[in-house]
Amino acid sequence: MLEPHVPSAFDLFIAVVAASLVSAGLIVVLRPLLQRYALARPNARSSHKLPTPQGAGIAVIGATLLVTVIWQAVSGLAFPLTLTGAVLLIAIVGLVDDIRPIPVLPRLLFQIIAIGLVLLTLPSDLRMIPSVPIALERGAILLAGLWFVNLVNFMDGLDLMTVAEIVPVTAALSLLGWLEALPVLPTIVAATLCGALLGFSPFNRPVAKVFLGDVGSLPIGLLLGWCLLALAYQHHLIAALLLPLYYLADATLTLLRRIASGEPFWAAHRTHYYQRATDNGLAVTDVVGRVFMLNCVLAALAIASIQLTSPVVNGLALVVGTAAVAFVLVRFSTKQSR
């Protein structure tokens, strides 16, 4: 996980372009099958009004893995089999759930297994907080990973929302890899995931022709969480928190609010801040545009926190990032004047 090789800007550009083309091509090929076998019908959580094919995540994850493995093979580096197995396992669980919903407990069990496989890619002596027992640290990462995978899935409820969130984050991770702040494999994974989502974006712009489905959102959460974990293990914890801060805040605050009000928090719903924003009068394009701009700000703060290497800058970046997220959440939860 900590290879010394640094990918060049050209390497990253080729990875993004190749993954984008592969992803878009696969979606074109797969869409008729998804239209026939994997229609997402409107439910209590949905923001769409008509049945829409889901499962484009097959193309996004397929392109991400294919281009990453090819790049690694050309570079003479190995792609961890446990990481591949984890991604495939959680993607298969998501695919089955897209076609025929799986009960909550078996679904969580498979997710825990997948996250456990990801943890096996970590060297046994790699520590984030040396004073904390290794079993406690890895256990906390397992629980955090489980929540992160699911919150990425929860937040995939609006056209282009996942693109607006993940593209700025993965672009920032790719840049940090080029700046030698992130190991090579997470850097390439971030670049290929960024490209694959760019290839998906024309098909998901409002009104979406196809959705990612759980087969996409779950492994995207797994891969992104692994990349952020790699960043945190490079002693860039503030940056690793800043990059997904909007997703973390929206999903976590929504969960806590539903628990506090006595709602069945495990049931489908549409009360996330970004969903309430459309109910409050914002157009889908306005919501995802604001999320995209917010994530660009968070990405800039994360990069600054690493490049300037100052505790004061770290603290200031976290405060500014938190304030920016809070501002957007308040705007989303406020009725818009006509």
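Regarding Ala171, is this residue open to solvent by 30 Å² or more (accessible area, probe 1.4 Å), farther than 17 Å from Tyr233 by Cα and among the small types (Gly, Ala, Ser)? Judged against the criteria, Ala171 is a match. When residues in region 36-72 are screened for being modelled with pLDDT of 70 or more, over 30 Å from Val184 (Cβ atoms) and outside any loop (DSSP other than H, G, I, E, B), 5 of them pass.
Across region 104-140, what is the number of residues that are more than 23 Å from Leu228 (Cβ to Cβ) and over 23 Å from the mean Cα position of the chain (by Cα)? If you could, list the steps in order and put the result at the bottom.
Keep residues of region 104-140 that are more than 23 Å from Leu228 (Cβ to Cβ), which gives 104-106, 109.
Remaining after also requiring over 23 Å from the mean Cα position of the chain (by Cα): none.
Matching residues across region 104-140 total 0.
What residue, of Thr64, Thr52, Thr84, is within 20 Å of the chain's Cα centre (by Cα), polar (S, T, N, Q) and open to solvent by less than 20 Å² (accessible area, probe 1.4 Å)?
Working: Thr52 fails: within 20 Å of the chain's Cα centre (by Cα); Thr84 fails: open to solvent by less than 20 Å² (accessible area, probe 1.4 Å).
When all the criteria are applied, what remains is Thr64.
Among the candidates Ala277, Ala317, Ala283, Ala302, the residue that is small (Gly, Ala, Ser) and within 20 Å of the chain's Cα centre (by Cα) is uniquely Ala302.
Scanning for something over 26 Å from Thr187 (Cβ atoms) and either part of a loop (DSSP other than H, G, I, E, B) or open to solvent by less than 10 Å² (accessible area, probe 1.4 Å) (or both), does region 214-221 turn up at least one residue?
Residues of region 214-221 over 26 Å from Thr187 (Cβ atoms): 214.
Filter once more, so that each one left must be either part of a loop (DSSP other than H, G, I, E, B) or open to solvent by less than 10 Å² (accessible area, probe 1.4 Å) (or both): none.
There is no residue in region 214-221 that is over 26 Å from Thr187 (Cβ atoms) and either part of a loop (DSSP other than H, G, I, E, B) or open to solvent by less than 10 Å² (accessible area, probe 1.4 Å) (or both).
Restricted to region 116-125, and to residues that are surrounded by 13 or more Cβ atoms within 10 Å (Cβ to Cβ) and of a type outside the set (S, T, N, Q), which residue is farthest from Phe79 (Cα to Cα)? Break it down into steps so the answer makes sense when it comes.
Going residue by residue through region 116-125, those that are surrounded by 13 or more Cβ atoms within 10 Å (Cβ to Cβ) are 116-122.
Within this subset, residues satisfying the condition of being of a type outside the set (S, T, N, Q) are 116-120, 122.
Working: Gly116: 17, Leu117: 14, Val118: 12, Leu119: 15, Leu120: 13, Leu122: 13 Å.
Of everything passing the filter in region 116-125, Gly116 is farthest from Phe79 (Cα to Cα).
You will find that of Ala326, Ala300, the residue that is touching a helix residue (DSSP H, G or I) at 6+ places or on another chain (Cβ under 9 Å), loosely packed, with under 14 Cβ neighbours inside 10 Å, hydrophobic (A, V, I, L, M, F, W, C) and at pLDDT 95 or above is Ala326 and no other. Scanning region 118-140 for residues that are in contact with a Leu (Cβ under 7 Å, 6 or more places away or on another chain) and either under 22 Å from Asp214 (Cα atoms) or of a type in the set (S, T, N, Q) (or both) returns Val118, Leu119, Thr121.
The values are calculated or read from the model by the stated rules, or taken from the named source; none is laboratory data. What you see is a predicted model; the values in this text were computed from it and never measured. Because the Cβ atoms are built from the backbone with ideal geometry, glycine has one as well, and the counts that use them run over all protein chains shown. These accessible areas exclude ligands, DNA and RNA; they are computed on the full protein's heavy atoms, side chains included. Shrake-Rupley method; radii C 1.70, N 1.55, O 1.52, S 1.80 Å.
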